[in-house]
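Read through the structure below, which is laid out as structure tokens, and then see the notes.
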Amino acid sequence: MKILVPVKQVAVLDEDFELRDDGLDADPDFIDHESNEWDDYSYETALQIMEAHSGVEVVPMTVGPEEAEESLRRCLAKGGERAVRVWDDALAGAGPATIAKLIAAVARREGADMVFAGTLSADHSFAMTGICVAAELAWPHVAVVTHLEYEPGAAKATVQRELEGGLVEKLTVDCPAVLTIQLGINQPRYASLRGVKQAKEKPVDELTPADLGVSGEDLAASACFRLRRMFKPAKGQAELIEGTAAEQAARLATIIKELKGAA
Amino acid sequence: MARDPKYDILFEPIKIGPKVLRNRFYQVPHCNGAGSDRPGFQAANRSIKAEGGWAGICTEYCSVHPESDDCHRLSARLWDEGDVRNLRAMTDHIHKHGALAGVEMWYGSAHAPCMESRCTSYGPSQFNSEFENLTYCHEADQDDINRLEQLYVDSALRARDAGFDIVYVYGAHSYLPLQFLSPYYNKRTDKYGGSLENRARFWVETLEKVRKAVGNDCAIATRFAVDTLYGDAGVEVEVDGIKFVEMADPFVDLWDVNVGDIAEWGEDAGPSRFYRQGHQIPWQQHIKRVSKKAVLGVGRFTDAEKMAEVIRNGHLDIIGAARPSISDPFLPQKINEGRIDDIRVCIGCNVCISRWEIGGPPFICTQNATAGEEYRRGWHPEKFPKRGSDDSILVVGAGPAGAEASRVLMERGYTVHLVDSAEKIGGCVNSIATLPGLGEWGYHRDYRETQLNKLVKKNKDSQIALGRKAMTVDECLNYGADKIIVATGADWRSDGTSGLTHAPIPGVDASLDWCVTPEQIFEGKKKIGKRVVLLNCDCYFMAPSLAQRLRTAGHDVTIVSGVELARYMHFTLESPNLHRWLHNNHVEIISGAWASRAEKGRVEIYDVLGDGWERQYRGPGKLPRAENTTQRWIEFDSLVLVTGRRSRDALYRGLKARASEWGGKGIKGVYIIGDAWAPKLIADATFDGHRIAREIEEKDPQHAKPYRREVAVWGAPHMPGGKFEIEYQQ
């Protein structure tokens, strides 16, 4: 019985940042990377099932460049014996449906019985990838899972979802399934130093889309939208009026006239 | 990052007499315990600030002559060529970093007890010092006044030879020039007493003579308490204060202005418990109205916004700082580089000052563990030696000691896992900072929290794990760390054990609903009754702070104190206003008493010195004094126990007990620091953490490496060309 946990290394913007010249993303000089917070919870969910039952394997995976291996090592430091990383430089800027196609391909290759993804990623917040994986695999899915009852190998899982106003929805889902896990479902563990050291020795399979039988055309066809522009909206800003009293009065009068003109 | 343009005003050079300060950051004279006898300490502690961007850096008060000898407290001295040689190290090192060096020429009069020199000092009128009580000065006649003025001149010439750029005539804190100016000290009827002009004469003449002697080479500064806070019994800023500034202005290049006196100099070096930054501005701001010269002032300025504001508003020209420069010697550089959140902000606890008040041990800083360690241990506040091994380190406890150890280890490049059962870094500081007036103490936590969160991102193998169940011995043994540092803090005693009796108080037990420890008060689960008796056997802030908190919450509070209440707070200058507060708010204090037993609703207390004064041997099993018969009962609803602390050392002892398993688990060492080692000041716990992090690869990291000592050396006379052998008068 195998649970695949797709994780993502997300971008964290510096307090002050600039955009890339093409206007499609932030300048990498102002970006740090860290593991996506939701993935701590999805991975913990999988580890708890693994620890409670024998014969359960948990495999973390990511679609990302070499630096993203850090997020996989972070998972392996807590548990699990091996990980999978998929990448090709052509995937830079790929959208959630494209990523999902590759995750689904890994799920098939691994023979995964369940996929636990984070509800969303902290940087792009589409909350789409997990659901697209389900579509690719033609599995049922439940999003924003806050409680899970699941016996490995069982035909159904019982899950709870938190709705508006503290309302809880309880439902059963046929397995295999894709679940996207919400923050707070558990208390994710920290890695020990032993885990950190051991994780460095654990294998990470490196695959390309081609290795997974996904062609460039497949990937291109999977793009369901095109990023047009990323920008900081102009904000109304206070102005500090400086100078002598007369200069300040003159500036104030100009502003009032401008505002009257605009109205 | 670049400097925020709103701070540009702080970086404008300013001319003072023949010299130019490169910016507006100025370390006013403050004590550090170095004086003239520890030249390496003095040179390194001051010059590190020159490296950190300060424009002017001064000595502490610097005696002009042996009859101004403050021993047991520690001043610098400019008495002779030997002192010139030693202080030259300081000025040379300051100059290397492009800053100016200042010396604060000091004559204490009756406030200097002359316990080393055995001299008799002079003053405007004879009085015994309200600071020293036992020490009287001799009332100076005209000859004596001429001589006193010459002492400053001779000292100024030596200061110039020692390389000082700024020479002070020190008249704040009630020292000699102010004594002449203030009618509180000056009762004379000759031309040096009576009218303001007469009272100002000594100070003005001295400035004029010093200026004539060294004014072409050095900027002439004077430190002036512009208001002594006694009303018309002393100096009032809008009466004598500004008039004196007008009279002396032609002879001064730099005014260094503050308020207060020496007996209560916490009104100047205001603790954060009572005073916010800029608290002296209402007085200081009057000086620039009348002076044509540069004006600087202190006020524990820690915030660049506030600094820029007081200059922009025309209240001061230059930001004077003592404590903020100790807490972060690189404060100007960090503002200049836009690294505001890297500033180690002074918390205003005055533990630095406490060391001078105690009588001159090297000063310490709660925030900056490297303060005073620059020379003797070679610690730079911003530079850390690269790690000496690949060892990974588990630090258990994120309080002052554990957080500081982790910070420094991470700065050095070690992989560190810091764990704490609390949700937040800070340990005991998280509770202490909730006590009345102590909010700024939280800066100690904030600095470490900010730095740790930055550092942990630089090494993805490092980790900060908060809010978890306390670690067990087994978990630590199996954690995979090469070295383990235990920093688990301390608890207040729950059974009344104190340093006074070294035994529990019968009947006292904090598991009962009427007994409560400080931790239980912070936790907030136990109901506290209307009438509170607080048993205190601790010399610092916990008992009075809890009394403030409970009184403010409406409880009737009686403190029964077996030791002098808040004794250490005399040294931190918090004591006078604290006692005013307790008095104003009707907190009853029963001093010199301790508890013999307690039961629900009442405690039996006795006078500590209530047993017989006469001592006699009476054989075994019998006390040598008559029995104490002063016991009486007092009633309460809740009994608060500030009796003593006990290290939380079970984890460390558990690990030590299984030392035979360490090798098999790859553990090279287990160490204990901070309160868990022995309860101590936050400053000392922070030092423990810093120290072990710098020495973690040493053979025995538990125990400090020897530091470089500066002592008089047999065979090397103090005076150049002098003699060292024992010689008697013939």
- Just give me the residues in region B:42-69 being of a type in the set (A, V, I, L, M, F, W, C) and touching a Pro at 6+ places or on another chain (Cβ under 7 Å), in sequence order. B:Ile48, B:Trp54, B:Cys58
- Item | Test: B:Tyr185 is touching a residue at least 60 places away in the same chain (Cβ under 8 Å), part of a loop (DSSP other than H, G, I, E, B), more than 35 Å from the chain's Cα centre (by Cα) and more than 17 Å from B:Ala221 (Cβ to Cβ) | no
- Any residue at all in region B:457-466 that is surrounded by fewer than 18 Cβ atoms within 10 Å (Cβ to Cβ), part of a helix (DSSP H, G or I) and over 28 Å from the mean Cα position of the chain (by Cα)? yes
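If you check B:Glu725 against the conditions, is it in contact with a strand residue (DSSP E or B) (Cβ under 8 Å, 6 or more places away or on another chain), open to solvent by 90 Å² or more (accessible area, probe 1.4 Å) and acidic (Asp, Glu)? Quick ask: steps written out before the conclusion?
Values: in contact with a strand residue (DSSP E or B) (Cβ under 8 Å, 6 or more places away or on another chain): no; open to solvent by 90 Å² or more (accessible area, probe 1.4 Å): yes; acidic (Asp, Glu): yes.
In short, no.
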- If we keep only residues of region A:57-99 that are free of Cβ contacts under 8 Å to residues at least 40 places away in the same chain and in a loop (DSSP other than H, G, I, E, B), then the residue farthest from the other protein chains (Cβ to nearest Cβ) is A:Ala92
- Has region B:12-27 got at least one residue that is over 24 Å from the mean Cα position of the chain (by Cα), over 27 Å from B:Phe202 (Cα atoms), within 14 Å of chain A (Cβ to nearest Cβ) and free of Cβ contacts under 8 Å to residues at least 40 places away in the same chain? no
- Among (1) open to solvent by 10 Å² or more (accessible area, probe 1.4 Å); (2) more than 17 Å from the chain's Cα centre (by Cα); (3) more than 14 Å from chain B (Cβ to nearest Cβ), which single condition is A:Ala26 missing? (1)
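Quick check: is even one residue across region B:396-404 assigned to a loop (DSSP other than H, G, I, E, B) and either closer than 23 Å to B:Trp54 by Cβ or more than 14 Å from chain A (Cβ to nearest Cβ) (or both)?
The answer is yes, given that some residue of region B:396-404 is assigned to a loop (DSSP other than H, G, I, E, B) and either closer than 23 Å to B:Trp54 by Cβ or more than 14 Å from chain A (Cβ to nearest Cβ) (or both).
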- Query: When you go through (1) open to solvent by 20 Å² or more (accessible area, probe 1.4 Å); (2) among the β-branched types (Val, Ile, Thr); (3) more than 14 Å from every other protein chain (Cβ to nearest Cβ) one by one for A:Thr45, which number turns out not to apply?
  - Reply: (1)
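Considering each of A:Val196, A:Val214 in turn, give the residue that is closer than 25 Å to A:Trp139 by Cα, out of contact with any Pro (no Cβ under 9 Å at 6 or more places or on another chain), among the aliphatic types (A, V, I, L, M) and open to solvent by less than 60 Å² (accessible area, probe 1.4 Å).
Values: A:Val196 fails: closer than 25 Å to A:Trp139 by Cα.
Within the list A:Val196, A:Val214, the selection yields A:Val214.
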- Query: Quick one: which of A:Gln182, A:Gln187, A:Gln237 is open to solvent by 100 Å² or more (accessible area, probe 1.4 Å) and under 30 Å from A:Gly79 (Cα atoms)?
  - Reply: A:Gln187
- In region A:175-194, anything touching a His at 6+ places or on another chain (Cβ under 9 Å) and more than 14 Å from chain B (Cβ to nearest Cβ) is listed as A:Ala177, A:Val178, A:Leu179, A:Thr180, A:Ile185
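Sort out which residues of region B:473-494 are in contact (Cβ under 8 Å) with a residue 24 or more places away in the chain, outside any strand (DSSP E or B) and either within 14 Å of chain A (Cβ to nearest Cβ) or open to solvent by 40 Å² or more (accessible area, probe 1.4 Å) (or both), and write them in order of number. Reasoning before the result, please.
Restricting attention to region B:473-494, the residues satisfying the condition of being in contact (Cβ under 8 Å) with a residue 24 or more places away in the chain are B:473, B:476-494.
Now drop any that are not outside any strand (DSSP E or B), which leaves B:473, B:476-482, B:487-489, B:493-494.
If the condition is that a residue be in contact (Cβ under 8 Å) with a residue 24 or more places away in the chain, outside any strand (DSSP E or B) and either within 14 Å of chain A (Cβ to nearest Cβ) or open to solvent by 40 Å² or more (accessible area, probe 1.4 Å) (or both), then B:Cys476, B:Leu477, B:Asn478, B:Tyr479, B:Gly480, B:Ala481, B:Asp482, B:Arg493, B:Ser494 are the ones that fit.
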- In region A:195-217, residues that are over 21 Å from the mean Cα position of the chain (by Cα), among the β-branched types (Val, Ile, Thr) and more than 14 Å from chain B (Cβ to nearest Cβ) total 1
- Query: Say we look at region B:227-241 and pick out the residues that are among the small types (Gly, Ala, Ser) and open to solvent by less than 20 Å² (accessible area, probe 1.4 Å); which of these is nearest to B:His111 (Cα to Cα)?
  - Reply: B:Gly234
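For region A:152-193, what are the residues that are among the acidic types (Asp, Glu) and either over 24 Å from A:Ile103 (Cβ atoms) or not assigned by TED's automatic domain parsing to the domain that holds A:Ile49 (or both)? Write out each step before concluding.
The first filter runs over region A:152-193 and keeps only residues among the acidic types (Asp, Glu), leaving A:162, A:164, A:169, A:174.
Of everything in region A:152-193, those that are among the acidic types (Asp, Glu) and either over 24 Å from A:Ile103 (Cβ atoms) or not assigned by TED's automatic domain parsing to the domain that holds A:Ile49 (or both) turn out to be A:Glu162, A:Glu164, A:Glu169.
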- Task: Check region A:3-21 and report whether any residue there is away from chain B (no Cβ under 14 Å), buried (at least 17 other Cβ atoms within 10 Å of the Cβ), of a type in the set (Gly, Ala, Ser) and touching a residue at least 40 places away in the same chain (Cβ under 8 Å).
- Result: no
- Task: Would you mind finding the one in B:Glu661, B:Glu710 that is within 32 Å of the chain's Cα centre (by Cα) and either open to solvent by 40 Å² or more (accessible area, probe 1.4 Å) or farther than 30 Å from B:Leu500 by Cα (or both)?
- Result: B:Glu710
- Note on the structure: Taking region B:242-260 and keeping residues crowded, with 23+ Cβ neighbours inside 10 Å and assigned to a helix (DSSP H, G or I) leaves B:Phe244, B:Val245, B:Ala248
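The values are calculated or read from the model by the stated rules, or taken from the named source; none is laboratory data. Since the model is a prediction, treat every value here as computed from it, not as a measurement. So basically every Cβ, Gly included, is an ideal-geometry build from the backbone, and we count neighbours across all protein chains shown. Quick note on the areas: whole protein, heavy atoms, side chains included, nothing else; ligands and nucleic acids left out. Shrake-Rupley method; radii C 1.70, N 1.55, O 1.52, S 1.80 Å.
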